[in-house]
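The values are calculated or read from the model by the stated rules, or taken from the named source; none is laboratory data. For clarity, every value in this text was computed on a predicted model and none was experimentally measured. Neighbour counts are summed over all protein chains in view; Cβ atoms, including those assigned to glycine, are modelled from backbone coordinates with ideal geometry. Surface areas here come from the heavy atoms of the whole protein model, side chains and all, with no ligands, DNA or RNA. Shrake-Rupley method; radii C 1.70, N 1.55, O 1.52, S 1.80 Å.
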Amino acid sequence: MAGIGFELQRLTHKGDMTSHMRAIFHASMVIAGPWLMFIFCILFISLLTEQKLGLPMLTGFRTKLIYILGISLLTSAPVLILAIRMASDAIYFGKFHLIPQLYLSALNTSSLLTVIVAAPVLFTLLNVPLIELLAIIISCIIANLLWIALGFSSSLQSYKSVSLSFATGLLLTISLVIYSTAHHPSELHLLLAFSLGFLLCFIWLSIQVLFTFPASSYIFKETREYLTGALKRYWPITLAATFNISALWVDKIIIWQSHEGELLPSGLRHAPAYDSSIFIAQLILIPPLALFLIEAETNFFRNFRSYIRTITGHGTLFDIRAKSQELKTEAIYTLGRLTLIQLGLCALLILFSPLVVEYLNFEYRQAALIRIAAASVLFQFVFFAASTTLIFINRNMENMLLQLAFLLLNAVCTYATLYLPTEYLGFGYFVACLSASFLAVATLQNAFGRLDQHIFFQARLSLRPNSWYEALR
């Protein structure tokens, strides 16, 4: 994200509580703006229209949103992380004319990938009717485009615009849903209102990106060569993004197919008790992740750049190792401090889980499931922070293997719990997060121990011929 954290830290250095809260709020929008918009849309729509629409229609609409969120994340993540990595390279080397080409290519590729993935899954495997299939695919494409736009617009450091776009989109969505409920109450009209709100956010952010980096020309063949060259070097992070999103959803897909799952008239399956409990717990990930964004993109990045400058400046072996140790100490300290914050939030959710169940009108048994999910989220944060730090120090292969391990652990452990009593629902997710977090921390410790050798090895790799590197030079 090319220095995104420095503008956020500028806010925190003002010293007052309001500036700190603004920094965390803007970082949260950058990390999970569309996801938060999904959740707030569901919340407000349920509160304002449940009596008019009825529970069956609201359930069908909420389930469609869950599928839209999952598919859009799965198809946009690998494209976005590759495009953002290339955009960071282009900004670093001052090749700003490449940014609009990368942006437009990412939009086209992710849209095509959405159609390729969504159509067979929804039509062939789930037997979704054609009209609803088209509505869901269009909504998936719009949500997909929004993820891409958010990733690029964050590099502009205009956080007020990002936050305002989501606030305006949310207000538009809620207004259109209320109008639709009064005049044309149906799942398709609700989906249309939702898509229009997301479309407004996408147009807003796209205008900002393309006005900042005007597209003088767009050559498809040239851009394709750049993407091919970058993919040869950065394919581990592309696969890692795919594995990561798959890991976040594989437990839900397995539960949907079990006795806990329910089949809707639209052909979609869901498990309301499990889905809602996990989503509530995962909400408390956002504040620590926002703080991690601020810390990692500023203090850690500053220390890493100082370490690299020591190497490129022909520093002594003693100086290089001292900088390496300083980098490791800062990373471990930050990880520990943020983990304590996450621990506090998880403890609060565990303590007040009965009140959450009562307020949201959940089933009573969901209180235990929310507690398990809250404990899982603690270790999921550790896994996320440790594996993301590996990307900062260019250990992309190790990060990819960790994401694959998390995917396999979550799938196997969740499937194993299907043979246990219902009280063990959610334990598969917990064991997967716990195991993956220990693997990630151990891998990070090992990576810091061999950091010097790895950096010199990566410098040698950068000398190999590559179409993307040639464009940067």
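Computed values, structure above
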| read-out | value |
| --- | --- |
| Pick from the range 264-285, criterion open to solvent by less than 10 Å² (accessible area, probe 1.4 Å) and hydrophobic (A, V, I, L, M, F, W, C), ranking: modelled with the lowest pLDDT | 268 |
| Some residue of the range 275-283 being among the charged types (D, E, K, R) and part of a helix (DSSP H, G or I) | yes |
| So residue 239, is it within 22 Å of residue 133 (Cα to Cα), in a helix (DSSP H, G or I) and either open to solvent by 50 Å² or more (accessible area, probe 1.4 Å) or in contact with a His (Cβ under 7 Å, 6 or more places away or on another chain) (or both) | no |
| Lone unmet requirement of (1) within 25 Å of residue 429 (Cα to Cα); (2) open to solvent by 10 Å² or more (accessible area, probe 1.4 Å); (3) polar (S, T, N, Q) for residue 399 | (2) |
| Cross-chain or 6+ apart pairs with Cβ under 6 Å, the range 321-336 first and closer than 20 Å to residue 288 by Cβ and open to solvent by less than 60 Å² (accessible area, probe 1.4 Å), then part of a helix (DSSP H, G or I) and β-branched (Val, Ile, Thr) | 331/389 |
| Some residue of the range 376-395 being at pLDDT 85 or above and not in a helix (DSSP H, G or I) | yes |
| Checklist (1) open to solvent by less than 40 Å² (accessible area, probe 1.4 Å); (2) modelled with pLDDT of 85 or more applied to residue 304, failing item | (2) |
| Top-ranked residue in the range 115-140 [being β-branched (Val, Ile, Thr) and open to solvent by 40 Å² or more (accessible area, probe 1.4 Å); ranked as farthest from residue 38 (Cα to Cα)] | 124 |
| Per-region count, the range 243-278, residues under 19 Å from the mean Cα position of the chain (by Cα), aliphatic (A, V, I, L, M) and more than 15 Å from residue 409 (Cα to Cα) | 1 |
| Test: residue in the range 275-293 that is closer than 21 Å to residue 447 by Cα and touching a helix residue (DSSP H, G or I) at 6+ places or on another chain (Cβ under 9 Å) | yes |
| Per-region count, the range 182-211, residues over 30 Å from residue 98 (Cα atoms) and either free of Cβ contacts under 8 Å to residues at least 24 places away in the same chain or open to solvent by 10 Å² or more (accessible area, probe 1.4 Å) (or both) | 10 |
| The range 360-375, subset without any contact (Cβ under 8 Å) to a residue 24 or more places away in the chain and part of a helix (DSSP H, G or I), residue surrounded by the most Cβ atoms within 10 Å (Cβ to Cβ) | 371 |
| Residue that is crowded, with 18+ Cβ neighbours inside 10 Å and within 27 Å of residue 122 (Cα to Cα), where the choices are 294, 255 | 255 |
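Quick grid of which residues meet (1) buried (at least 23 other Cβ atoms within 10 Å of the Cβ); (2) out of contact with any Asp or Glu (no Cβ under 9 Å at 6 or more places or on another chain); (3) modelled with pLDDT of 80 or more:
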residue: 48; (1), (2), (3): no, yes, no
residue: 76; (1), (2), (3): yes, yes, yes
residue: 108; (1), (2), (3): no, yes, yes
residue: 113; (1), (2), (3): no, yes, yes
